[in-house]
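The values are calculated or read from the model by the stated rules, or taken from the named source; none is laboratory data. These figures come from a predicted structure and were not determined experimentally. So basically every Cβ, Gly included, is an ideal-geometry build from the backbone, and we count neighbours across all protein chains shown.
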Amino acid sequence: MKLSVKKREIHGKKVKNLRAQGLVPAVIYGKHVKAESISCVKNDLLRIYRAAWYSTPVELTWDVDHLVLINSLQLDPVSDEIISADFLAVSRTEKVSAKIPVVTFWESQIEKLNEGKIMQVRDEIEVEALPQDLPSKFEIDISVLQTVNDVFFIKDLKVSDKVTILDDPELPILTVSVLSDEPEEEEQGEAAPTTEAAAAPAAAEEAPKAE
């Protein structure tokens, strides 16, 4: 995947002018790359992000092309629009670590029979590999969970021999929560007479920024 970028001379509060033009201010940096301010078309970045997520290498086309990972995206808290991006330059010959998302599919018989509910307790798995060997995601077929005692562990993932899992293999990813047949009992008690209401006391990885 390729993303066209341009060198950026605008910084600070003036980057709002870039955003008004449909551009995203960004930064590229890395072990062998001097940090540079750049910009890219927002819709192009969004398309790449949806396809690449954070673990698929992207080629930035520029005066000098760079292989990068999308390291982080900053979103507007109100509109949820991308307002800045950080790209980590990587080498095809050097291993990198990345967090790979976990997604589930299919159905479990235990949920069909209403005997339990599948609980996903881990959303990402940290791995190490060459950039081009990083998986985009880990997919788990939840139909393998058949009883309330079943657990899907990190060690149960099918992983290429080119990928090393950094997380503890004994950690669970999926568990089964037992559904109770008994309705919750509501506590009932007599309200003591009071002359006035009681008052309740009031409870009272570092990267350059794209600016």
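Annotations for the structure displayed:
- Matching residues, region 160-181, being more than 24 Å from GLN146 (Cβ to Cβ) and assigned to a loop (DSSP other than H, G, I, E, B): SER160, ASP161, LYS162, VAL163, LEU166, ASP167, ASP168
- Per the listing ASN43, ASN71, the residue uniquely assigned by TED's automatic domain parsing to the domain that holds LYS6 and assigned to a strand (DSSP E or B) is ASN71.
- Within region 120-135, tally of residues that are loosely packed, with under 14 Cβ neighbours inside 10 Å and not in a helix (DSSP H, G or I): 3
- In region 162-176, the residue that is surrounded by the most Cβ atoms within 10 Å (Cβ to Cβ) out of those that are in contact with a Phe, Trp or Tyr (Cβ under 7 Å, 6 or more places away or on another chain) and either at pLDDT below 95 or of a type outside the set (A, V, I, L, M, F, W, C) (or both) is PRO172.
- Restricting attention to region 1-37, the residues that are in contact with a Ser or Thr (Cβ under 9 Å, 6 or more places away or on another chain) and under 16 Å from VAL58 (Cβ atoms) add up to 11.
- When region 76-107 is filtered for residues that are part of a strand (DSSP E or B) and over 30 Å from PHE152 (Cα atoms), the ones remaining, listed by number, are ILE82, ILE83, SER84, ALA85, ASP86, PHE87, LEU88, ALA89.
- Conditions (1) loosely packed, with under 14 Cβ neighbours inside 10 Å; (2) at pLDDT 50 or above; (3) closer than 20 Å to SER55 by Cβ; number of the one not met by ILE140: (1)
- Flag if PRO208 is modelled with pLDDT under 95, surrounded by 11 or more Cβ atoms within 10 Å (Cβ to Cβ) and either outside the structural domain of ALA26 (by TED's automatic domain parsing) or not in a loop (DSSP other than H, G, I, E, B) (or both): yes
- Answer from SER91, SER108, SER84, SER72 - the residue that is closer than 15 Å to GLN132 by Cβ and among the small types (Gly, Ala, Ser): SER91
- Among the residues examined, VAL33 does not qualify as out of contact with any Leu (no Cβ under 7 Å at 6 or more places or on another chain) and closer than 30 Å to LEU179 by Cβ.
- Conditions (1) in a strand (DSSP E or B); (2) surrounded by 18 or more Cβ atoms within 10 Å (Cβ to Cβ); (3) at pLDDT below 95; number of the one not met by THR56: (1)
- Breaking point among (1) within 22 Å of the chain's Cα centre (by Cα); (2) at pLDDT 95 or above, for TYR49: (2)
- Every residue from region 136-159 that is within 30 Å of ALA89 (Cα to Cα) and part of a loop (DSSP other than H, G, I, E, B): SER136, LYS137, LEU157, LYS158, VAL159
- Criterion (of a type in the set (S, T, N, Q) and in contact with a Cys (Cβ under 8 Å, 6 or more places away or on another chain)) met by exactly one of SER91, SER4, SER97: SER4
- Among the residues of region 78-87, some residue qualifies, meaning at least one is surrounded by fewer than 15 Cβ atoms within 10 Å (Cβ to Cβ), among the acidic types (Asp, Glu), more than 21 Å from VAL163 (Cβ to Cβ) and within 19 Å of the chain's Cα centre (by Cα).
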